[in-house]
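Presented below is the structure to which this report refers.
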Amino acid sequence: MLKNISIYKNIVCFLFICTAGYAQQLNDKIETIAASLQTVEDSKYEYSQSLKLLSSNYASYTLTSVDTKGNSDEYAYNFSFADVDVNTVRSLTKKDVIIVQLLINGKQKLIKETSGNGEKVNYVDNVSFYAKNIDNARNLVEAIKSTIPVNETLEKNKLALTTYQDHVKWLEENIQDVDYTKTQFVQKIEAGSANNGQLKLSTTENSKSKTQAFDYEFNLSTLNPNSLHFKISGDEFYIEATNRRNIKAIKVFEDGAQQNYKDDIRFYCGSIENGKDLLKVLAQAIPLAEKAFEGSRPNIASTPNAMAFLNKAVGNVANGESTYTQSIEGDCVAKVSIKEANPKETTDYQYSFNFSDINVDNIDYNSNKTQLYVEIYTRKKAKFIRNTENNELQNYTDAFKIYFENIEDVLTAKEALKNIAKNCESYKAETNANTVSSGLEALKNSIGMVKIGDDSYDQTFETVSTDPYIVKLTSVFSNLKNSKETIYEFGMGDINSKNISIETSGKEVMVELNTKHLEKIVKTYEDGEIKSYNYNIEIQATDIENARSIASLLQQITEKLE
């Protein structure tokens, strides 16, 4: 440990000495350029120029032009030679004057142009020095090109930050208040105590007409480092960043009231130097925040641990005007209960499902207005999720949402739900069909009365013969208006074991089975009358798990008879 500290101190000392040396070189080179800048005249104007080095290793270039009537304009340009594209530094002849052009890398507007006695500010991507003659221009080009790499080295070694905490501390100390011509931005950023990437940016916008206070709660790990870029609006210079996949997961409050989630955030910059440093630190901090978040995540690998986390995170969630009281129970066979309350009404929802039916790859988080949630879908969008609203059965569905308070909980919940789904991938219904006879007896016990609102299906299943195995399914449908009896008689050996499926339609769940080659050999009766032979049989089930047991028993029996 002591050895590592000693090495670190030596590196810091070495960098300090090198930086000091490069700083002196930059000072000397700026003085060389400044000495080469002369008063230049063309047919209309006289140009006076000066260049000086600022304490920040930035240069300040002042250009004053005076026309033949004595009218003058002064422009000041603040920039870093490190941002100049060395390959574009060259002399150009424009009619009766020679200029040396400096273009910023990537055409970024990283030159602050001030005019009108400092009242007008623009950001531009180029600046030109005026040359007395071609020899003067060549000297300027050579001096500028030799200055750029020195300034680049100083920029590269400027920030010696290593850990996530180092970067957060820098952000807290350097995201500062900014005054523009029309608006003042009072900014403060603070990190959560968990050191897991959680940040809150507070921005108060003061203008002549109003004051607005905004709070942005986000996790640094969700920002897309490739989205970081400078933006300019009038004299406002800021960095904009967006979330990965443009998911709106940045929580916004305006004057204390929650607003819709958004996918982008702005950091206002006091200067180009401050902006460049801020962009660099943010880009470095994002991958460190990812590791910090992963390190802070609880152990959610097992189903019990994942369930425990989910219940802790979803208990009471407030999103805008709605509050959600939620719970999840079970293991692979699970039930999610959600009570949604808003100023207009309170609604109870329940979703019963099996995690083995859930598409692991399609569990993801998103937002809608003030709601942040994880959405869960079934495999192949099969409508296998039982859904009740205020204890009244609704149509079976293929998806539902669980709501969360913050981005940290939703990110962990996404992984927790994925882990449970993976743990349940091999789930099978517990059925007893060691022999055909025991399987038929289990089927008899599994098939029975099914009630759906006013509709009911009174089903009985019996064995007619054991050599060969012939069975009879009787189903009496009834409601307040009418009733109908349907009887299917068929051989179990004629059923295709590979064509037994669970289906849903509205509020109904059924098991469908077909004969081999879809041969029409199922004897069918309706209200005692013989109907045409059929190849398809439907068995009503009370729910998906009952259907899963029936389908499993049928498959085991028919496989034994093949």
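The values are calculated or read from the model by the stated rules, or taken from the named source; none is laboratory data. Since the model is a prediction, treat every value here as computed from it, not as a measurement. Counting neighbours? That spans all protein chains shown, and the Cβs are built from the backbone with ideal geometry, glycine included. Just the protein is used for accessible areas: all its heavy atoms, side chains included, with ligands, DNA and RNA removed. Shrake-Rupley method; radii C 1.70, N 1.55, O 1.52, S 1.80 Å.
Filter segment 456-481 for residues that are surrounded by fewer than 15 Cβ atoms within 10 Å (Cβ to Cβ) and in a strand (DSSP E or B) and give the result. Listed by number, the residues that qualify are T460, E462, V464, S465, T466, S478.
Output the number of residues of segment 259-285 satisfying the condition of being outside any helix (DSSP H, G or I), modelled with pLDDT of 95 or more and of a type outside the set (K, R).
Applying the first criterion (outside any helix (DSSP H, G or I)) to segment 259-285 yields 259-271.
Then keep just the ones that are modelled with pLDDT of 95 or more; that gives 259-269.
When the remaining residues are screened for being of a type outside the set (K, R), the result is 259-261, 263-265, 267-269.
Counting residues in segment 259-285 that are outside any helix (DSSP H, G or I), modelled with pLDDT of 95 or more and of a type outside the set (K, R) gives 9.
Can you find a residue in segment 197-220 that is assigned to a loop (DSSP other than H, G, I, E, B), touching a residue at least 40 places away in the same chain (Cβ under 8 Å) and under 25 Å from A289 (Cα atoms)? The answer is yes, given that some residue of segment 197-220 is assigned to a loop (DSSP other than H, G, I, E, B), touching a residue at least 40 places away in the same chain (Cβ under 8 Å) and under 25 Å from A289 (Cα atoms).
In this structure, does S227 turn out to be open to solvent by 20 Å² or more (accessible area, probe 1.4 Å), out of contact with any Pro (no Cβ under 9 Å at 6 or more places or on another chain) and of a type in the set (G, A, S)? Spelling it out, it is not the case that S227 is open to solvent by 20 Å² or more (accessible area, probe 1.4 Å), out of contact with any Pro (no Cβ under 9 Å at 6 or more places or on another chain) and of a type in the set (G, A, S). Only residues that are of a type outside the set (K, R) and part of a loop (DSSP other than H, G, I, E, B) were counted in segment 172-196, giving 11.
Close Cβ contacts (under 6 Å, 6 or more residues apart or on different chains) running from residues in segment 276-295 that are without any contact (Cβ under 8 Å) to a residue 40 or more places away in the chain and open to solvent by 30 Å² or more (accessible area, probe 1.4 Å) to residues that are assigned to a helix (DSSP H, G or I) and among the aromatic types (F, W, Y) are absent. Of the set (1) surrounded by fewer than 14 Cβ atoms within 10 Å (Cβ to Cβ); (2) closer than 14 Å to I286 by Cα, all apply to W170 but (1). When you scan segment 146-165, do you find a residue that is free of Cβ contacts under 8 Å to residues at least 60 places away in the same chain and either buried (at least 18 other Cβ atoms within 10 Å of the Cβ) or within 29 Å of the chain's Cα centre (by Cα) (or both), even just one? So far as segment 146-165 goes, yes, one or more of its residues are free of Cβ contacts under 8 Å to residues at least 60 places away in the same chain and either buried (at least 18 other Cβ atoms within 10 Å of the Cβ) or within 29 Å of the chain's Cα centre (by Cα) (or both). If you take the residues in segment 535-549 that are open to solvent by 50 Å² or more (accessible area, probe 1.4 Å) and in contact (Cβ under 8 Å) with a residue 24 or more places away in the chain, which one is farthest from N387 (Cα to Cα)? Only one residue fits best here, namely E538.
Being under 18 Å from L279 (Cα atoms) and touching a strand residue (DSSP E or B) at 6+ places or on another chain (Cβ under 8 Å) is the filter here, so list the residues in segment 82-120 that pass it. Before you say what the answer is, go through the steps one by one.
Going through segment 82-120, the residues under 18 Å from L279 (Cα atoms) turn out to be 82-84, 104-112.
Listed by number, the residues that qualify are D83, V84, I104, N105, Q108, K109, L110, I111, K112.
Just one residue in the set L154, L140, L159 is at pLDDT below 95 and in a helix (DSSP H, G or I); that residue is L154.
Out of the residues in segment 317-376 that are outside any strand (DSSP E or B) and touching a helix residue (DSSP H, G or I) at 6+ places or on another chain (Cβ under 7 Å), state the one that is surrounded by the most Cβ atoms within 10 Å (Cβ to Cβ). Restricting to residues being outside any strand (DSSP E or B) and touching a helix residue (DSSP H, G or I) at 6+ places or on another chain (Cβ under 7 Å), the top hit is F355. Applying the criterion of being of a type in the set (D, E) and in contact (Cβ under 8 Å) with a residue 24 or more places away in the chain to the residues of segment 377-405, the residue that is surrounded by the most Cβ atoms within 10 Å (Cβ to Cβ) is E405. Scanning segment 187-207 for residues that are of a type in the set (A, V, I, L, M) and either open to solvent by less than 40 Å² (accessible area, probe 1.4 Å) or under 17 Å from I239 (Cβ atoms) (or both) yields I189, A191, L199, L201.
The set of residues in segment 208-223 being open to solvent by less than 50 Å² (accessible area, probe 1.4 Å) and in contact with a Lys or Arg (Cβ under 8 Å, 6 or more places away or on another chain) consists of D215, Y216, F218, T222, L223.
Candidates are the residues of segment 432-466 that are among the hydroxyl-bearing types (S, T, Y) and under 14 Å from L553 (Cβ atoms); the one that is nearest to the chain's Cα centre (by Cα) is S446. I'd like the residue in segment 377-402 that is assigned to a strand (DSSP E or B) and touching a helix residue (DSSP H, G or I) at 6+ places or on another chain (Cβ under 7 Å) and, out of all such residues, is nearest to T347 (Cα to Cα). Checked segment 377-402; the qualifying residue nearest to T347 (Cα to Cα) is I402. When the residues of segment 230-250 are filtered to those that are in a helix (DSSP H, G or I) and charged (D, E, K, R), the one that is least open to solvent (accessible area, probe 1.4 Å) is R244. Tell me which residues, restricted to segment 504-534, are within 22 Å of P468 (Cβ to Cβ) and surrounded by fewer than 18 Cβ atoms within 10 Å (Cβ to Cβ). If the condition is that a residue be within 22 Å of P468 (Cβ to Cβ) and surrounded by fewer than 18 Cβ atoms within 10 Å (Cβ to Cβ), then K516, H517, L518, E519, K520, I521, K523, Y525, I530, Y533, N534 are the ones that fit.
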